[in-house]
Amino acid sequence: MTVIYDNKKWAKKNGYYQSTLRKFVGKKWLHQYVYEKEVGIILNGYEIHHIDKNKDNNDISNLELVKSKEHGHKHTYRDNPERMKNQKEHLDKIRPKETYKWSQEPDLIKREQHRAKHKSAMALIEPVKYICVNCGKEFMNTPNGIHRFCSNSCKSAYRRKMGFDNEERICMECGKSFTVNHYVKSVTCSPHCQNVKRAKTIKARKDELRAG
């Protein structure tokens, strides 16, 4: 299935429409291309969500910019009872009727044997090379899973740099709006406002002591 947008042909692939041009300038996915054309550049850490969850509807009114983590939450089975039901039926069909769960093995000796076997199997996995998204350094890790950062420090630094945890607050001193990391306890927008607030607090305490 193909569509024409902006005098370009887009073919459906894995549910989304992709540009058919080999050398294409810009976003190759139609929903991303439409958003950047109508609104602006998509920043790292953000994705485009189809509001009505219809991937064929790529009108700008049906597209919204969301954080990658939030985007994943919008497509959970919990939001789609029919999809959740079909998934459960599928799992019940392919899953053995009596799945052995060694973690629930009442015999401690058998459980320890399975744990040791699993540990030795994991030790055989050859680590592969990755590039840290934050600092650009090479690091080694197992090929299973997603490894984007060389350490938790780089992961936290990247989140701060990209503003993933930022939120808007109102300065308690001047009333202006300011942006700050969600985990920072600041209630003022600047050192000046902070000093003014501190001075007022100290004065109020002195006045209270005098009155007492």
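Here Lys200, Lys185 are screened, and the one residue that is free of Cβ contacts under 8 Å to residues at least 12 places away in the same chain, on the phi < 0 side of the Ramachandran plot and assigned to a loop (DSSP other than H, G, I, E, B) is Lys185.
For region 99-106, the criterion of being of a type in the set (Gly, Ala, Ser) and either closer than 27 Å to Arg160 by Cα or modelled with pLDDT under 85 (or both) is met by at least one residue.
Hey, any hits in region 18-29 for a residue that's at pLDDT below 80, aromatic (Phe, Trp, Tyr), over 30 Å from Asn166 (Cα atoms) and outside any strand (DSSP E or B)?
yes
Does Arg111 satisfy the condition of being out of contact with any strand residue (DSSP E or B) (no Cβ under 6 Å at 6 or more places or on another chain), at pLDDT below 90 and surrounded by fewer than 10 Cβ atoms within 10 Å (Cβ to Cβ)?
When the stated conditions are applied, Arg111 does not pass them.
Residues that are charged (D, E, K, R), surrounded by fewer than 11 Cβ atoms within 10 Å (Cβ to Cβ) and under 22 Å from the mean Cα position of the chain (by Cα) within region 115-171 comprise just one, Glu168.
Could you list all residues from region 49-78 that are more than 26 Å from Glu167 (Cα to Cα) and not polar (S, T, N, Q)? Spell out the reasoning first.
Looking only at region 49-78, we keep the residues that are more than 26 Å from Glu167 (Cα to Cα), and these are 52-59, 77-78.
The answer is Asp52, Lys53, Lys55, Asp56, Asp59, Tyr77, Arg78.
Can we say Lys37 is surrounded by 13 or more Cβ atoms within 10 Å (Cβ to Cβ) and outside any loop (DSSP other than H, G, I, E, B)? Against the criterion (surrounded by 13 or more Cβ atoms within 10 Å (Cβ to Cβ) and outside any loop (DSSP other than H, G, I, E, B)), Lys37 qualifies. Listed by position, the helices (runs of 4 or more DSSP H) contained in region 57-163 that have at least 3 residues being assigned by TED's automatic domain parsing to the domain that holds Gln32, closer than 30 Å to Trp10 by Cα and among the hydrophobic types (A, V, I, L, M, F, W, C) form an empty set.
The values are calculated or read from the model by the stated rules, or taken from the named source; none is laboratory data. The structure displayed is predicted, hence computed values, not measured ones. Don't worry about glycine lacking a Cβ; one is built from the backbone with ideal geometry, like all the others, and counts go over all protein chains shown.
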